[in-house]
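Novice: Got a structure for you, written out below as C-alpha cells; questions coming shortly.
The values are calculated or read from the model by the stated rules, or taken from the named source; none is laboratory data. None of these values were measured; they are calculated from a predicted model. So basically every Cβ, Gly included, is an ideal-geometry build from the backbone, and we count neighbours across all protein chains shown. Accessible surface is based on the protein model in full, side chains and every heavy atom, while ligands, DNA and RNA are left aside. Shrake-Rupley method; radii C 1.70, N 1.55, O 1.52, S 1.80 Å.
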Amino acid sequence: MTPANLSPQQQLKERILDQVLAFLLEGDWQQIEMKNIASQCGISDAELNDCFPNLQSITSAVNSRLTQNFIQHLDLSSRESLRLTWLDSLESPRFRAIVHLFIDASQQKSVAWRLANVGWNQFTNHVASHLGYQAVNQDLPWLLGKSMLKFINQRGRTSLKSVDS
C-alpha cells in the first residue's frame, strides 16, 4: 500500500513498518526482532540495517504510525464526540486491534509493551491538549472499560458458538 512516487528505499521502509505493525496488531510481539523482520520482509539483515540501524529506530517509526492510525478514528472536538467516535470505531478491525494492543501489551514487559506504553502516553497527551485532563482521567478509563467489556462479550459469544457446534 505504498505510493508509487516514493523512492525504492522509502517504499522498503514503508513495507518494513507495515510488517512490524502487522506483528503488533496480530499479537505476534515475539516476532519483533531484527532477524525476524528481515525474514518476513524477504530482505537481508544488511538491507534492513540500511533502512533502520536498530530496533529502536523501527519501533519509534512504528509507534508514530500506530498513534496516527488510532487518532484518525476519533473526533476530539468534544468529550462527547470522543466517546461516541471511540465506541463507533470499535467496529473497525484496525482500531479494535490497537485497543487490544493497549490492553494486552500492558500485561507484559516486551517491545509491544514499550510501544503500547509510549503510544498510550502520546495519545493521552494529545487528548489532554484538545479536551483537558478531565477527559484523560474520566473518559479514557471509561472507554477502555467499555472496550474490554465488548471484547469479553464477543469472546463469550464466539466460545458459545463453538460449544453449540
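Novice: Taking all protein chains together and a probe of 1.4 Å, list Lys146, Lys13 from the most accessible to the least accessible. Mind showing how you got there, number by number?
Specialist: Working: Lys146 85, Lys13 55 Å².
Putting Lys146, Lys13 in descending order of accessible area: Lys146, Lys13.
Novice: Under 20 Å from the Cα of Lys146, which aspartates and glutamates turn up, not counting those fewer than eight places away in the same chain?
Specialist: Result set, ordered by chain and number: Asp75, Glu80, Asp88, Glu91, Asp104.
Novice: So how tilted is helix 140-164 from the main axis of the chain? Cα-based, degrees 0 to 90, rounded to 10.
Specialist: Between the helix axis and the principal axis of the chain, the angle is about 90 degrees.
Novice: Just to be sure I understand the model, the point goes 7 Å from the Cα along the line to the Cβ. What's the resulting Asn137 to Leu76 distance in nm?
Specialist: For the pair Asn137/Leu76, the computed spacing is 1.9 nm.
Novice: Multiplying the sequence separation of Leu144 and Thr85 by 0.36 nm and subtracting their Cα-Cα distance, what value in nm do you get?
Specialist: Value of the extension gain: 19.9 nm.
Novice: Also, quick follow-up: State the percentage of accessible surface on the chain attributable to carbon and sulfur atoms; use a 1.4 Å probe and exclude ligands, DNA and RNA.
Specialist: About 50 percent, which is the carbon plus sulfur part of the accessible surface.
Novice: To the nearest 500 deg cm²/dmol, what mean residue ellipticity at 222 nm is calculated for the chain from DSSP H runs of n ≥ 4 alone, each contributing -39,500 (n - 2.57), summed and divided by the residues?
Specialist: -23500 deg cm²/dmol
Novice: Now for a separate question. Would you mind getting the accessible area per residue of the chain, heavy atoms of the protein chains only, 1.4 Å probe, in Å²?
Specialist: Per residue, the chain has an accessible area of 56 Å².
Novice: While we're looking at this one, here's another question. Scaled to the compact-protein estimate 2.2 N^0.38 Å, what is the alpha-carbon radius of gyration of the chain, rounded to two decimal places?
Specialist: Normalised by 2.2 N^0.38 Å, the Cα Rg of the chain equals 1.15.
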